[in-house]
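Asker: I'd like to ask some things about the structure below.
Each reported figure results from applying straightforward, stated rules to the coordinates on display, with no laboratory input. Computed from a predicted model, the values in this text were never measured in an experiment. Here the Cβ is made from the backbone with ideal geometry for all residues, glycine too, and neighbour counts use every protein chain on show.
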C-alpha cells in the first residue's frame, strides 16, 4: 500500500466513510477531504559498473521528516530548479581527477504525477557529484 492509499484509508476510517450507513440515518457526505500530493517521490540508486556495491535512498518532495535522503531540502530545491529534468540539474561544478571508476546513477518514481525512469553512467563518483550536486549526495 503506497502512502497516498494509506492516507486515503486513514481519512476514510477516521471519518467513518468506510463503514456502512443505515438508510434512515445516512447524511449527504460533506466535501472530500484534502490530501496533500507529493511533488516527487523518487528512488535514487548509485552503484559501481561491476555491481559490487550500491547505495539507495528515497527522496520525497517537499522534504519530509521521513528516513531517506540526508539533505532532502537541498535535493528537492535542485530538482525544482531543474523542473524535474535530471539532465538539467544545476550540479556543483568542481575539479575532479581523471581516474576511470565508472558509477551508475539511476532514478525511478514520479515527479509531479509523471513517471520518471532515468539512468546515467559517470566516469567516477566525483564527476557524478559535480554533475548532479545534492541530489545524489548520499
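Asker: With the structure loaded, tell me whether residue 67 is within 19 Å of residue 39 (Cα to Cα) and surrounded by fewer than 18 Cβ atoms within 10 Å (Cβ to Cβ) or whether it fails that test.
Answerer: Taking the combined requirement at face value, the residue satisfies it.
Asker: Would you pick out the residues in region 99-138 that are assigned to a helix (DSSP H, G or I) and within 12 Å of the chain's Cα centre (by Cα)?
Answerer: Result: 135, 136.
Asker: I'd like the residue in region 77-98 that is surrounded by 11 or more Cβ atoms within 10 Å (Cβ to Cβ) and more than 14 Å from residue 134 (Cβ to Cβ) and, out of all such residues, is nearest to the chain's Cα centre (by Cα).
Answerer: 84
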